[in-house]
Structures are given as C-alpha cells and as structure tokens.
Amino acid sequence: TMRLGSLLKTIDSEAAGLHVITDEELKNAQHQLLAMLLDVAALCEKHQINWSLSGGSIIGAVRHKGFIPWDDDIDIFMTRDNVNKFSKVFHEISDKYELAMPGDKGNIFHYPRLYKKGTKLRAVQSAGETHGLVLDIFILENTYDSKIFRTLHGMKCSIYLFIDSSVRTAACEKSILKYSGNNQKLIKAVKFRSAFAKLFSFRTIEQWMAASDKVFSSVKNTQTKYVVCPSGGAHFFGEIFIRPYMVETVQTDFEGHKVNIPSNSDYYLRKRYGEDYMTIPKESAREKHAYVEFEI
C-alpha cells in the first residue's frame, strides 16, 4: 500500500485552495531555518551535545552545499542520550523556540520537533493546530546485535508506528478530507486508518506517542554495533545503520557555515535514498509545498 505521506503529496493544491509557497517565501523560510539550525548547533556545542544533519538535509549538504533548492524543512539526528541532554538545556533558547517532545500536549508526532515562535504554519495533515516553522529531531536509538532480538524490537516498533499513523490520521481526518477533493485513493486510505484508530481510542494521541517513544528507546546498551531510527521515513527496518558511521560526525559546508553530518554520509545516503542520490531529480519529481496557513 502507498504510504499516507506519499498520498498526501498527490493532493491538487491549486484546486484545493491551498497556499502554494512562492520562491520568495521559500527563500525566506530557508533563511529562518538556517538561523534555527545555527542556534541549535551553538547550544549543542556549548553543552557537548552530539548532533548531525539527517535525511534530505544531508543530501542538501553533500549535493548542494546547503538546502536542496526546493526544500522547506530541516532535519537533524541525535542519539537518545543527546536528546535527553538537549531537552534539559533547551530552556536557554526557549525565548525563540518551543520544543515539543513525544507525549507533550498537542504534539501528534512520535519524535521531537522544534518550532519557531512568531511564525504560523498549518499543514493539511494537522489536527487543526497551527505551529511555527519546524526543525525535526530524529532519534538514533540503540538496537540489539542479535538478529532475532533486533527483529523483535523492530516488529514491536512497527506495530506502534502503525497505531501512531492511524490515530494521527484520525486526528487529522477532517482537515485531510476537506482538501482531498476527489482523490479517491487518499480518501479511502484516510477512512480506513481512521476506522482502524477506533480500536486504539482507549488512549489519547499524546499517550500513544509517549508509549511509542518508550518502545523505540527500550534498548539501553549504547555499545551495540547498530543504531536505528524508528521514526525515520523508511521506518525501523529501512533505518538500521552501523553505529560509528552515524554517531561519529564530520563537518561540511552548508549555506556558508560548517555543520555536522554523519562520518560516513555516503553509506547512509546510498542505503536510504539509493545509489544515485547525487542526481538532481527532474522538475516534475520535485516536491511542491502547500499549506493551509503559511505566515513567516
């Protein structure tokens, strides 16, 4: 089945009356995201917190020496220990930002998100809430060296990921259906997941996100050969990596600044995006970003 994230990208933004970001707005968003990244990097350096860019932000750094030109977000990796350290010192930059941890009131995601105060964004996949410009923190968790135990950890995480996706879809059902037009595939997927979510209504969405966070982080041994990013786009089994390649970092250029990327970013990018990650996609394959509300 097609993932909901991919189906959401098939919405006809113009017909749905969504706000499609202009080039100027995109430049402004990237400018503000870069400032967010540098603030986070400075706080991490001050407190010896290890971090690196993650996902598409690494492709941007490696291929474009900055943002992927049409990208409007920024992602970073931290290990569980470093996220815990970060959340303890975050108050030092809380005049500018909000940190939403899994389980926090109103956070419908199972990973930490940093929002910029004074900016307003609302995605189609929202439970009606507006939030600020966002920097996502994807947690590199410990997982077992034993293939059997690792598979069990992965299966448990996958069950929780499916529940999370179902309850999140149910919370966002109104908004998604409002903008899905006559997109039958999307409507069917949303209704199916929302119906499924009724089975899990004995907990609030926040309680499910907190429970998932516990399951993801259940392996405490920080010396294992592998790390995993259950909240990543390729889910648990597509996000298992050799620990030193990911948690050790090197610096590279990003929009004229030095930032951290995993020490073996080529290994990560091949595994995650395929051999030809350096090839720039055709214009038709590039993501167009549309929002219900966009004020930055």
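The values are calculated or read from the model by the stated rules, or taken from the named source; none is laboratory data. Given the structure is predicted, the values throughout are model-derived calculations rather than measurements. Here Cβ is always computed from backbone atoms with ideal geometry, including for glycine, and neighbour counts include all displayed protein chains. Surface areas here come from the heavy atoms of the whole protein model, side chains and all, with no ligands, DNA or RNA. Shrake-Rupley method; radii C 1.70, N 1.55, O 1.52, S 1.80 Å.
Structure notes:
- For the chain, the orientation-averaged shadow of the C-alpha convex hull comes to 14.9 nm² (one quarter of the hull surface).
- Cα centroid of segment 118-144 to Cα centroid of segment 218-294, whole Å: 17
- Cα-centre dipole for the chain with unit charges at Cβ (Lys and Arg positive, Asp and Glu negative), debye to 20: 1160
- Segment 110-181: relative contact order as a whole-number percent, Cα under 8 Å and 6+ apart: 37
- Proximal charge balance of PRO244 [Cβ under 15 Å; K/R count +1, D/E count -1]: 0
- Relative contact order of segment 1-135, taken over Cα pairs closer than 8 Å and 6 or more residues apart, is 19 percent.
- Per DSSP, loop trypsin sites (Lys or Arg not before Pro) in segment 219-276 with at most 16 further Cβ within 10 Å: LYS220, LYS225
- Proximal aspartates and glutamates to LYS198, defined as alpha-carbon separation beneath 14 angstrom and excluding residues fewer than eight positions away on the same chain: ASP164, GLU173
- The charge dipole of segment 139-203, taken about the Cα centre with unit charges on the Cβ atoms of Lys, Arg (+1) and Asp, Glu (-1), comes to about 340 debye, rounded to the nearest 20.
- Toward the positive end of the charge dipole of the chain, with +1 on the Cβ of Lys and Arg and -1 on the Cβ of Asp and Glu, the farthest Cα among HIS19, ALA197, LEU140 is that of ALA197.
- Charge-dipole axis of segment 1-66 as Lys and Arg at +1 and Asp and Glu at -1 on Cβ define it, positive-most pick from ASN28, GLY55, LEU8: GLY55
- Here is how the number arises for the chain: DSSP H runs of 4 or more residues each give -39500 (n - 2.57), the sum is divided by the residue count, and the result at 222 nm is -12500 deg cm²/dmol.
- For TYR97, the accessible surface of its heavy atoms amounts to roughly 10 Å² (probe 1.4 Å, protein chains only, rounded to the nearest 10).
- The magnitude of the dipole of segment 58-172, with charges of +1 and -1 set on the Cβ of Lys/Arg and Asp/Glu and taken from the Cα centre, is near 40 debye.
- Relative contact order for the chain, counting Cα pairs under 8 Å that sit 6 or more residues apart, in percent: 26
- Plainly put, segment 84-157 has a radius of gyration that is 1.09 times its Kirkwood radius, both from alpha-carbon atoms, as the Rg/Rh ratio.
- Across all C-alpha atoms in segment 71-200, the radius of gyration and Dmax reach 17.0, 47 Å.
- Neighbour count of at most 15 Cβ within 10 Å plus DSSP loop: longest GluC sites (Glu not before Pro)-free window in the chain: 1-128
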